[in-house]
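The structure appears below as structure tokens.
Bear in mind these aren't lab numbers, they're just calculated from the coordinates by the rules spelled out. Worth saying up front: this structure is predicted, and the values here are computed from it rather than measured. When we count neighbours, we look across all protein chains shown, and the Cβ atoms used for this are built from the backbone with ideal geometry, even at glycine.
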There are 2 protein chains.
Amino acid sequence: MKGSGQKLSIFALGGVNEIGKNMYVVQYGKDIVVIDCGSKFPDESLLGIDLIIPDISYLMQNRDKVRALIITHGHEDHIGGLPYVLKQMNMPVYGTRLTLGLIEAKLREARLLGQTKLIPIDSDSRLELGSITAAFFKTNHSIPDCLGIAFETPEGTVVHTGDFKFDLTPVNEQYADIHKMADIGKNGVLALLSESTNAERPGFTPSERNVGEHILEAFRKARQKIFFSTFASNVHRLQQVIDAAAATRRKIALLGRGMENVVAIAAELGYIRIPEGMMVKPEEVNGLPPGRIAVLCTGSQGEPMSALSRLAGSMHRQVAILPGDTVILSATPIPGNERSVARMVDNLYRLGAEVIYGSGTVTGMHVSGHASQEELKLMLTLMKPKYFIPIHGEFRMLHLHGRLAETVGVDPGHIFIVGNGDVVDIENGTAVQARKVQAGNTLVDGWGIGDVGSIVLRDRKHLSEDGMLVVVVTLSRTEGQIVSGPDIISRGFVYVRESESLLEEANRLVAETIARLQAENVYQWSALKIGVKDVLGRYLYESTGRKPVILPIIMEI
Amino acid sequence: MKGSGQKLSIFALGGVNEIGKNMYVVQYGKDIVVIDCGSKFPDESLLGIDLIIPDISYLMQNRDKVRALIITHGHEDHIGGLPYVLKQMNMPVYGTRLTLGLIEAKLREARLLGQTKLIPIDSDSRLELGSITAAFFKTNHSIPDCLGIAFETPEGTVVHTGDFKFDLTPVNEQYADIHKMADIGKNGVLALLSESTNAERPGFTPSERNVGEHILEAFRKARQKIFFSTFASNVHRLQQVIDAAAATRRKIALLGRGMENVVAIAAELGYIRIPEGMMVKPEEVNGLPPGRIAVLCTGSQGEPMSALSRLAGSMHRQVAILPGDTVILSATPIPGNERSVARMVDNLYRLGAEVIYGSGTVTGMHVSGHASQEELKLMLTLMKPKYFIPIHGEFRMLHLHGRLAETVGVDPGHIFIVGNGDVVDIENGTAVQARKVQAGNTLVDGWGIGDVGSIVLRDRKHLSEDGMLVVVVTLSRTEGQIVSGPDIISRGFVYVRESESLLEEANRLVAETIARLQAENVYQWSALKIGVKDVLGRYLYESTGRKPVILPIIMEI
């Protein structure tokens, strides 16, 4: 196939220079395979935006070439974009059983389940996708049933690690396919795409089993109710809580929709083992002795409407945290969530609870699901790639991952630190990064996908800072004189009852400005509006130090 | 004086259940002494607010009793409220020379310098303030010239620690008065107010001198330009950078207004020692060999307009960061700032710099200025107070500080965890916490102090999420029919050019609704407005999933 003029192209539509909305593309000639379809939450500058998903213009323009969307695992930054992306463009979706279970729940909610082809795979599957063949290997991560992918292409093998760590003592026998990885590496890897989340972190990420030991210790020590909060998708963690509850003769109740969903799916598919008779309903909690109950709940990141936030605010209908209860936050706050977690911990202490919180390194109640530097080097060593593209991370993580690759022998000229849309083309064994495809953030707001852009956001920002002020005046068509108004209505600017004189003076200024302009023979509405806006803006800034949005409206009769 | 019916009252007007805007009050009968006058920055929910200061209603109502405002040190959370509070109410302000130097700069900017009485004190001062006498002791902190205060009152001695750590090897011989503290404790302390910032942190905070060793090591290793960023007020840190620069034959340039101000004040007052000829101007940097220059700059928290942020974005007019330069962030990101620091580090790596960043514990480039648990216990042990009021911290810090006090022997019933405004009254040696005075957040927005309240903020929040929509219609006074409009203007809702049909339909619905209501004999404006708002709100939510602020305006002629 070489020399056919076709080439291999690799790029990200999301996931590099950011944490979140992962989507990668491997293309050979007329065959496109898409990996993952994530979402991410907007930062505080994107006012009113609900979610960010990848811009899939490239895929829509090449609709006929897309052979498959392969999902590596069931985390939101890998599946959260599906309900929105599939609305724009249908594709067959491949994933392991647990991954598809989580996706089904999402698509059912979005009423897309019927029209989407979901194809279960496992680590032994081989998919023939035109000129590309996909094979798989199991990895360890903070959710079961994760895959890495080896794409066999006419140019050579491209490996995408998915999210991974090396956990040599995993929970529920979820061993990684290290021998398979070694074989893939031995047979030659043209290009490796490896995740970079923890590229800043020295050492080797501890095993999930370490957390189990700390959980059991805390369960043994607690005299009253235990509230254990973690990411619902961390099925291994949930299993260890269930094991600790069994060992200390506690029943388990679930609080939070996310927790109920994941436990139901994981139990049904056999990814979690719950002893007979252990689960109780939330309304049964109060009837049990405090020392015989553990509550598994969502809210480890202090999310305002989560079960634990509601419990901390004494706002849960069925269950209450009482003095002497133990609350365990089994998660490290994600950057940006520190303040809401801290506020929740304050409230838990106010209720008299013992609280175990803070960095997992200190409490032992959390370990990362991502590979630290030594594990990243191990993956690079196993794969021995010719070309290396660090993915899944912000710039500094990609950069530091690139440096790690150098230390284990990858040619610095063969390392590509790319942005979303930057294409690495490989032809006849030689890689070049020179062209771009369209890529970026598609903003979801309400039902709208991609209809909120920079102008709308700029207006929201301006409105949020100093509010707004509408000035309406009705002019007569014939003579141009004011027949009604000016009327001023404000929102978010000043408290009107305390600012009557300010607004009266503003009114007077507007009438005076219109009269003055008309006396100067200015009658065009646009000129009158600009005049009013200028005078009013200056007056309000001088009086208040604020610059509200000013909307002059002229009506004519 | 005992049995006179007078009592001692202690409370916070700011600084408990929060980090920031510290203000404490010690009152005996007709004498009030105020300690500190801080500000804090609003969180993301307070849209458009510039600053938060304490609500000083209590002081204004008791204006004639206020004998002094004593400032413990020159950090923003202790002096930042001065320009706003002094505008509301004049008070004589006491502080050490460096503290007053920093306050003067603030008051000059606010044009309040002439009318404010600033009285310099040192650790040997004794102030007679009616029935209260204030004596002082030096503490170690991340700014020089800090004081703790011992108030002698007819009820007994009240100690306020100010901010402190115990640094046994301080920079520039800024030793704490440990012997004085021991004497105060030996003579009997009725109540201790001690700061709680690091009450969650085990152990003993390392000495500032540790940082100096790491700075020198980094300076020796760097081959090209060094950019060193830290809090401008950390004069000890600045001294250590100057010392390292002297040892490695580098000149120093200052970037950032805050850095220039503090260095000027500290140098003039003798708190910093700069070798002759070491300082160069920013415009001279490019003329020097890269190995002979170090730049001291602001921006260690990633503040968007700071010197380092501008350098990282290649937006500084005089100086550029080039590949191979070293950038040192000598600070741990404050919760809430992680993301902006991370973005800045990304940009620095993009420029090819070596970046030393992250937790000071890991890099050695930063130590806290606050006492960890062992030091808090040491202070409690030195003072042996009868009553203990932990201050300066969020609830969990106060709570954990209270527990530390128990471990060193303070009676649990004598520990008061208070909120702002909660008064601890002490009479005949017995303390009771039962009453409150007015306290809270006063919001500063533009020139306005306290004029933005919950309604304005709620409107700003609503505007920021889905924007707004004004519908104007002019009705004839006589017959009520529409003579002009309806006209719809929106901001921050949808991009108008792409939503013409949506807005046309909205227009049609408004006209139809008014006609329908009038046919039902509804003519009151308020009812028409509610009708229009309902119909339009429902239509827009169904079409877009958004709920903009809708402002119906009816004009009449």
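Take the Cβ-Cβ distance between B:TRP447 and B:GLU284 as r, set R0 to 35 Å, and report the resulting FRET efficiency rounded to the nearest 0.05.
Calculated transfer efficiency: 0.35.
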Sparse-neighbour loop sites [chymotrypsin sites (Phe, Trp or Tyr not before Pro); segment B:146-211; at most 14 other C-beta within 10 Å; DSSP]
B:TYR175
In whole Å, what are the Cα extents of segment B:467-556 along the three principal axes, biggest one first?
38, 20, 19
When you count, for each residue, the other Cβ atoms within 10 Å and take the mean per peptide, how do B:206-218, B:34-46 rank with the highest first?
B:34-46, B:206-218
Straight distance only, please: which lysines reach the Cα of B:LYS117 with their own Cα at less than 18 Å, same-chain residues fewer than 8 apart left out?
B:LYS65, B:LYS87, B:LYS106
Projected onto the charge dipole of segment B:319-447 (unit charges on the beta-carbon of Lys, Arg, Asp and Glu, signs +1, +1, -1, -1), the Cα from B:LEU329, B:MET379, B:GLY421 with the largest positive-side position is that of B:GLY421
Rounded Å value of the spacing that divides the Cα centres of segment A:298-355 and segment B:218-240:
40
Would you mind calculating the gained length between B:ASP183 and B:ILE334 on full extension (0.36 nm times residue separation, minus the Cα-Cα distance), in nm to one decimal?
50.8 nm
Return the percentage of antiparallel bridges among DSSP beta bridges fully within the protein assembly as shown, rounded to the nearest 5 %.
55
What angle do you read, to the nearest 10 degrees and between 0 and 90, between the alpha-carbon axis of helix A:338-350 and the longest principal axis of chain A?
80
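Percentage of Cα-Cα pair distances in the protein assembly as shown greater than 38 Å, rounded to whole percent? Could the numbers behind the result be given before it?
Working: 369704 of 619941 pairs.
Tail of P(r) above 38 Å: 60 percent of Cα pairs.
Per residue of B:478-484, what is the mean number of Cβ atoms on other protein chains within 10 angstrom of that residue's Cβ?
Working: counts 0, 0, 0, 0, 1, 6, 9.
If you average over the peptide's residues, the count of other-chain Cβ atoms is 2.
Would you please calculate the Kirkwood hydrodynamic radius of segment A:209-363 over all C-alpha pairs and express it in Å, rounded to one decimal?
15.3
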When the Debye formula is applied to the Cα atoms of segment A:280-320, each taken as the same point scatterer, what base-10 log of I(q)/I(0) results at q = 0.19 Å⁻¹?
-0.56
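Quick one: length gained pulling B:GLU542 to B:ASN521 fully straight, 0.36 nm per residue minus the C-alpha distance?
Here the answer is 4.7 nm.
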Short version: ³J(HN,Hα) in whole Hz for each residue of segment B:389-395, in order, from phi by Karplus 6.51 cos²θ - 1.76 cosθ + 1.60 (θ = phi - 60°), x for Gly and Pro, what are they?
10, x, 10, 6, x, 6, 3
Quick check on chain B: of the DSSP beta bridges with both residues there, what percent are antiparallel, nearest 5%?
55
Give me the base-10 log of I(q)/I(0) for chain B at each q in 0.06, 0.08, 0.09, 0.10 Å⁻¹, Debye formula, one uniform scatterer per Cα, rounded to two decimals.
-0.41, -0.66, -0.78, -0.89
Lysines within cross-link reach of A:LYS221: Cα-Cα under 20 Å, excluding same-chain residues under 8 positions apart?
A:LYS251
So how tilted is helix B:373-383 from the main axis of chain B? Cα-based, degrees 0 to 90, rounded to 10.
60
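Let me have the relative contact order for chain B, percent, based on Cα pairs under 8 Å that are six or more residues apart. Intermediate results must be reported in sequence, preceding the final value.
Working: 1198 pairs, mean separation 84.8, N = 557.
It rounds to 15 percent for chain B.
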Rounded to whole angstrom, the alpha-carbon centroid of segment B:102-157 lies from that of segment B:447-492 at a distance of 50
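With a Förster radius of 25 Å, plug the Cβ-Cβ distance of B:GLU406 and B:TYR175 into 1/(1 + (r/R0)^6) and report the FRET value to the nearest 0.05. Walk me through the numbers before you get to the answer.
On the way: r = 30 Å, r/R0 = 1.21.
Once the sixth-power term is evaluated, E becomes 0.25.
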Between B:ILE119 and A:LEU378, what is the spin-label point distance in nm, taking each point 7 Å from the Cα along the Cα→C-beta axis?
6.8
Determine the distance separating the Cα centre of segment B:13-27 from the Cα centre of segment A:243-288; give it in Å without decimals.
45
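Please order B:ARG491, A:ARG508, B:ARG97 by the number of other Cβ within 10 Å, starting at the fewest. The partial results should precede the final answer.
Values: B:ARG491 22, A:ARG508 12, B:ARG97 16.
Ranking B:ARG491, A:ARG508, B:ARG97 by Cβ neighbours within 10 Å, fewest first, gives A:ARG508, B:ARG97, B:ARG491.
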So what is the calculated 222 nm ellipticity per residue for chain A, using -39500 (n - 2.57) for each DSSP H run with n of 4 or more, over all residues, to the nearest 500 deg cm²/dmol?
-9500 deg cm²/dmol
Averaged over A:439-447, number of beta-carbon atoms from partner chains that fall within 10 Å:
3
With a Förster radius of 25 Å, plug the Cβ-Cβ distance of A:TYR495 and B:GLN88 into 1/(1 + (r/R0)^6) and report the FRET value to the nearest 0.05.
0.85
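What does the charge dipole of segment A:64-204 about its Cα centre add up to, to the nearest 20 debye, if the Cβ of each Lys and Arg holds +1 and the Cβ of each Asp and Glu holds -1?
On the way: 14 positive and 18 negative charges, 79 e Å.
It comes to approximately 380 debye.
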Per DSSP, loop trypsin sites (Lys or Arg not before Pro) in segment A:251-285 with at most 16 further Cβ within 10 Å:
A:ARG273
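With +1 on each Lys and Arg Cβ and -1 on each Asp and Glu Cβ, and nothing else charged, work out how big the dipole of chain A is about its Cα centre, in Debye to the nearest 20. Please list the in-between numbers first.
Working: 58 positive and 63 negative charges, 152 e Å.
Charge dipole of chain A: 740 debye, to the nearest 20.
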Farthest towards the positive end of the dipole of chain B, among B:ILE550, B:LEU47, B:GLN481 and with Cβ unit charges of +1 on Lys and Arg and -1 on Asp and Glu, lies the Cα of B:LEU47
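What full-extension length gain, to one decimal in nm, is calculated for A:ALA264 and A:GLU213 as 0.36 nm per residue of separation minus the Cα-Cα distance? Don't skip to the end; give the middle numbers.
Details: separation 51, 0.36 × 51 = 18.36 nm, distance 2.51 nm.
Residue separation times 0.36 nm, minus the Cα-Cα distance, leaves 15.8 nm.
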Order of A:ASP422, A:ASP445, B:ASP183 under a 10 Å beta carbon neighbour criterion, fewest first:
B:ASP183, A:ASP422, A:ASP445
Label-point separation, A:GLU109 to B:GLN438 (7 Å along Cα→Cβ), nm:
4.6
Relative to the longest principal axis of chain B, what angle (0 to 90°, nearest 10) does the C-alpha long axis of helix B:257-268 take?
30
Filtered GluC sites (Glu not before Pro), segment A:239-309: DSSP coil and at most 16 other beta carbons within 10 Å
A:GLU276
Per residue of segment A:431-438, in order, report the coupling 6.51 cos²θ - 1.76 cosθ + 1.60 (Karplus, θ = phi - 60°) as ³J(HN,Hα) in whole Hz, putting x for Gly and Pro.
9, 9, 10, 9, 10, 10, 10, 5
Each residue of segment B:147-160 in order: what ³J(HN,Hα) in whole Hz does its phi give by Karplus 6.51 cos²θ - 1.76 cosθ + 1.60, θ = phi - 60°, with x for Gly and Pro?
10, x, 10, 10, 8, 8, 10, x, 7, x, 8, 10, 10, 10
